[in-house]
Amino acid sequence: MSRRIGSLSGVIAAAAVVLAVAGSAQAQEQVKTLYGDMYAVTQDMLNRSEGDGNNFLHTNGNYNQTRFYPARQINASNVQKLRPAWIFQTDVVETMETTPIVVNGVMYVTTAFDHVFALDARTGEQLWNYKHNLGPVATFCCGPNNRGVAVYNNMVYLGTLDAKLVALDAKTGKVVWEQKIADPELGYSETMAPTAVNGKILIGTNGGEFGIRGFVKAYDAKTGNLLWTFNTIPENSVGAWTTHDATGRDMHRDISAEKAALQKSGDPYKTLGGGVWQNPAVDLALNRIYFVVGNPSPDLDGALRPGDNLYTDSLVSLDLDTGKYVCHFQYIAHDVWDLDSVSPPVLTDVVGKDGKVIPGLLHAGKTGHVYVHDRRDCSLVRFSEAMVPQENMWTLPTKDGARMLPGANGGVEWSPMAVDPNLKLTYAINLHQPMTYHVLSTPYPEGKLWLGGAFKVIPTEEQWGNVTAVDYNTGKIRWQVKTEQPMIGGILATAGGLVFTGEGNGLFKAYDSETGSVLWHFQSGAGVNAPPSSYTVDGKQYIVVAAGGNTQLNYKRGNSIIAFTLPE
Amino acid sequence: MSRLSVFKVAGFITLATAVPTLAQTATPDISDKLQLCATCHGEAGTPAKPEIPIIWGQNEYYIYVELRDFKAGRRANETMNPIVADLSKEEMQALAKHFSEQPWPATSFPSDDAADRKAQDAMTAGACTSCHLGDLHGKSAIPRIADQQPVYLEKTILELKNNVRQNAPAKTALFSTYPDDELKALAVYLSSR
């Protein structure tokens, strides 16, 4: 049972409520007068979302994925007064990574195990609930996560742990169509929110720890028919035998041994991993998408996968209409540390190598660097100072364990960054969790967890996190605030001069985006490890975030969606 | 050998009771198999011996995968391998579904403060809840390990560590980084959740 435990009293005049029994046993329809009564999300709305101070239509705010919200009612001068407007509790007390999506006063949130809730964004009152009938076969690593929905026209789109794409009626939560994306028995699963653009629903796949072959697929938004597939692992995955990483450091590859292994076993592309589990950025002008590709399988054992393992640990760009390859940039060739590319790319203008402003792209790595690219050809322009300690890079994993920093939970994990285009700053949340890397070579275990060894947290070493602002035109760190725990979840910047992000200890904080001063905090009672979003209804701006803790880092679980606003 | 004999005898017994099944095709009759299972895993879910796991209430896909691995020889066990040898995929799916739908039996395995402290450190280092979840009940292919029989847990953890049980290489790699006393503490801790 879900319930609303708090509300902004007197906000809504009582409306006639008619409870209707939904056709599906999994969906409940509640019909009432809604703000504006507008459910449809047009392509024009999606295109203009960067300047939309009422809605929050994309997981990362807009197609550029800047997570910069244009409303400024809540700002640095009044954020101290921010307080909860309402709290909605779901019936799933497990890890929460959802970004609340808001369309004309209706909010869509998801939970672990693929439940979707539609809420009245003014009050937190539940409008409908969809519980995905998760099959017995669901293969997932690192938690039963779901990061939210995509919205398009009159539908809401959800990826599921059993590797399905589900389209729901935005008004009722009833299933319109369901499409099998891949076979979960082989290690495929979905945790990302899909991306909706130009009649297509884009989605990648999890499974980098299970010997999958990664992909990005495009489906017809109306029918669910598959339009194109891009395999993130080409049949020739060998590459150029690159010996140094994107920052120029030697990765200590034994190229001759790899070439011998290639001769013996052939190209390992069929089980090489390369998941894509974060949203692509969309360049509407170039008609391209940009996404990052995860680690090769098995994570720690390179002996079974000779070559650069293209396009793992890479930025990749495709033509939106056809799914054809445009360009890529690989950060770590032949990764054996699981320091893959996860945090979603951000499109923004940057200063190029020659000092001229160019169409740029930012990606934050688990290495702790922010990488700045020219998005016309994916080339690297610069990389930032390291945001977390780096030690013994690139020490190879050993049987007894090699210590290297960052650990596999290091730098910027999947957490999306936010960019303030006026300050030319990008904001990232980081993890510092020392680990040892152990290698143990085993053959592919048929869809089971396949790490090629183990990561082991060093319990005697201090762990912490930080919030870091990086000047992406220089690569210099502008400010940095240490947190008591490694950070995972996401961040939001606003035109009010604020940056919002949460911590595993339950604290949700607002920082001055220019200086990093902590201006406000709220104790949420469970880990705040999800990306915040913002919206405006009836002239009131809200900040909203999920507090459900985190499985991967074992932060206290909860089940709350908390919306904050200023007092009357 | 004695269990194999029971299986052969039980094979002649056909009961009319329909059993819910996961199988996509015709529902197989697994009633005789259930009788055999009960001889070791218990009539009411409490196993006959401490080294035998509780399978009532275990996750469906995990049970199926283990049966599949016993059949394929990826998990060696002198009792289970011959029992599973002749099972069809549909029968294994039906058995997995059946046992997953039974209630986990009440247990009261004792805790130990010293073991708990050691085990909690070990769990932090191994990030156990990443897969087994906060309640240690797992999901799908990830087994429930809370309230499991401690002797079975210790035995299977050490077998994984020592590569005797070979069907979960990620566990073998992880457990091989721990001393035995920490793994024994882990078994005590998990059984008393």
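The values are calculated or read from the model by the stated rules, or taken from the named source; none is laboratory data. What you see is a predicted model, and the numbers here were worked out from it, not measured in a lab. Heads up, the Cβs are rebuilt from the backbone with ideal geometry, glycines too, and the neighbour counts pull from every protein chain shown. Heavy atoms of the whole protein, side chains included, go into the accessibility calculation; ligands, DNA and RNA do not. Shrake-Rupley method; radii C 1.70, N 1.55, O 1.52, S 1.80 Å.
In the stretch A:319-359, which residues are part of a strand (DSSP E or B) and buried (at least 24 other Cβ atoms within 10 Å of the Cβ)? Can you show your working first?
So the first thing to find is which residues in the stretch A:319-359 are part of a strand (DSSP E or B), and the list is A:319, A:325-330, A:346-351, A:357-359.
The answer is A:Q330, A:V346, A:L347.
Of the residues making up the stretch B:120-141, those that are open to solvent by less than 20 Å² (accessible area, probe 1.4 Å), assigned to a helix (DSSP H, G or I) and facing chain A (nearest Cβ under 7 Å) are B:A125, B:G126, B:T129, B:S130.
Only one entry in B:Q149, B:Q166 is of a type in the set (S, T, N, Q), out of contact with any strand residue (DSSP E or B) (no Cβ under 9 Å at 6 or more places or on another chain) and at pLDDT 95 or above, namely B:Q149.
Does the stretch B:9-28 contain at least one residue that is closer than 30 Å to B:S108 by Cβ, at pLDDT 50 or above and open to solvent by 70 Å² or more (accessible area, probe 1.4 Å)? Scanning the stretch B:9-28, I find no residue that is closer than 30 Å to B:S108 by Cβ, at pLDDT 50 or above and open to solvent by 70 Å² or more (accessible area, probe 1.4 Å), so the answer is no. Considering the conditions (1) under 24 Å from A:I488 (Cβ atoms); (2) free of Cβ contacts under 8 Å to residues at least 60 places away in the same chain, A:V109 is excluded by exactly one of them, (2). For the stretch B:169-185, a residue qualifies if it is touching a strand residue (DSSP E or B) at 6+ places or on another chain (Cβ under 8 Å) and open to solvent by less than 20 Å² (accessible area, probe 1.4 Å), and the qualifying residues are B:A170, B:A173, B:L174. With respect to being open to solvent by 10 Å² or more (accessible area, probe 1.4 Å) and within 14 Å of another protein chain (Cβ to nearest Cβ), A:N529 falls outside the description. With the condition kept exactly as written, say whether any residue in the stretch A:409-423 is within 16 Å of the chain's Cα centre (by Cα) and within 10 Å of chain B (Cβ to nearest Cβ). Yes, because at least one residue in the stretch A:409-423 is within 16 Å of the chain's Cα centre (by Cα) and within 10 Å of chain B (Cβ to nearest Cβ). The C-beta contact set for the stretch A:494-512 (first residue in a loop (DSSP other than H, G, I, E, B), second residue open to solvent by less than 10 Å² (accessible area, probe 1.4 Å), distance under 6 angstrom, 6+ apart or interchain) comprises A:G496/A:I74; A:G497/A:S513; A:E503/A:T483; A:G504/A:G527; A:G506/A:A526.
Matching residues to (1) over 16 Å from A:T59 (Cβ atoms); (2) touching a Ser or Thr at 6+ places or on another chain (Cβ under 9 Å); (3) of a type in the set (F, W, Y):
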{"position": "A:D162", "(1), (2), (3)": "yes, yes, no"}
{"position": "A:W177", "(1), (2), (3)": "yes, yes, yes"}
{"position": "A:L186", "(1), (2), (3)": "yes, yes, no"}
{"position": "A:E190", "(1), (2), (3)": "no, yes, no"}
{"position": "A:G199", "(1), (2), (3)": "yes, no, no"}
{"position": "A:G208", "(1), (2), (3)": "yes, yes, no"}
{"position": "A:R213", "(1), (2), (3)": "yes, yes, no"}
{"position": "A:V216", "(1), (2), (3)": "no, yes, no"}
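Restricting A:L161, A:L165 to residues that are more than 14 Å from chain B (Cβ to nearest Cβ), touching a residue at least 40 places away in the same chain (Cβ under 8 Å), in contact with a Leu (Cβ under 8 Å, 6 or more places away or on another chain) and of a type outside the set (K, R) narrows the list to A:L165. For the stretch B:52-89, a residue qualifies if it is within 14 Å of chain A (Cβ to nearest Cβ) and among the acidic types (D, E), and the qualifying residues are B:E60, B:E66, B:D69.
If I filter the stretch A:381-401 for residues that are in contact with a helix residue (DSSP H, G or I) (Cβ under 6 Å, 6 or more places away or on another chain), within 14 Å of chain B (Cβ to nearest Cβ), part of a loop (DSSP other than H, G, I, E, B) and over 18 Å from A:T247 (Cβ atoms), do I get at least one hit? No; the residues of the stretch A:381-401 include none that is in contact with a helix residue (DSSP H, G or I) (Cβ under 6 Å, 6 or more places away or on another chain), within 14 Å of chain B (Cβ to nearest Cβ), part of a loop (DSSP other than H, G, I, E, B) and over 18 Å from A:T247 (Cβ atoms). If only residues of the stretch A:97-118 that are touching a Ser or Thr at 6+ places or on another chain (Cβ under 7 Å) and within 17 Å of A:V175 (Cβ to Cβ) are counted, the one that is farthest from the other protein chains (Cβ to nearest Cβ) is A:F117.
Scanning the stretch A:119-152 for residues that are assigned to a loop (DSSP other than H, G, I, E, B) and charged (D, E, K, R), we see that the one that is nearest to the other protein chains (Cβ to nearest Cβ) is A:R147. If the condition is being within 14 Å of chain A (Cβ to nearest Cβ) and out of contact with any Leu (no Cβ under 6 Å at 6 or more places or on another chain), then the stretch B:107-119 contributes B:R117, B:K118. Filtered by the rule that a residue be within 7 Å of another protein chain (Cβ to nearest Cβ) and hydrophobic (A, V, I, L, M, F, W, C), the stretch B:142-173 gives B:A168, B:A170, B:A173. The criterion of being open to solvent by 40 Å² or more (accessible area, probe 1.4 Å) and without any contact (Cβ under 8 Å) to a residue 60 or more places away in the chain does not hold for B:E90. Scanning the stretch A:424-440 for residues that are polar (S, T, N, Q) and at the interface with another protein chain (Cβ under 9 Å from one of its Cβ atoms) yields one hit, A:T436. Restricting attention to the stretch A:538-554, the residues that are surrounded by 24 or more Cβ atoms within 10 Å (Cβ to Cβ) and at pLDDT 95 or above add up to 9.
Considering every residue within the stretch A:90-97, establish whether at least one is over 30 Å from B:S140 (Cα atoms), of a type outside the set (D, E) and modelled with pLDDT of 95 or more.
Of all residues in the stretch A:90-97, those over 30 Å from B:S140 (Cα atoms) come to none.
Taking every residue of the stretch A:90-97 in turn, none turns out to be over 30 Å from B:S140 (Cα atoms), of a type outside the set (D, E) and modelled with pLDDT of 95 or more.
Screening the stretch A:454-472 for residues that are open to solvent by less than 10 Å² (accessible area, probe 1.4 Å) and more than 14 Å from chain B (Cβ to nearest Cβ) and picking the one that is nearest to B:R117 (Cα to Cα) gives A:G465.
A:G239 falls short of the stated requirement of being within 14 Å of chain B (Cβ to nearest Cβ) and either over 23 Å from the mean Cα position of the chain (by Cα) or part of a loop (DSSP other than H, G, I, E, B) (or both).
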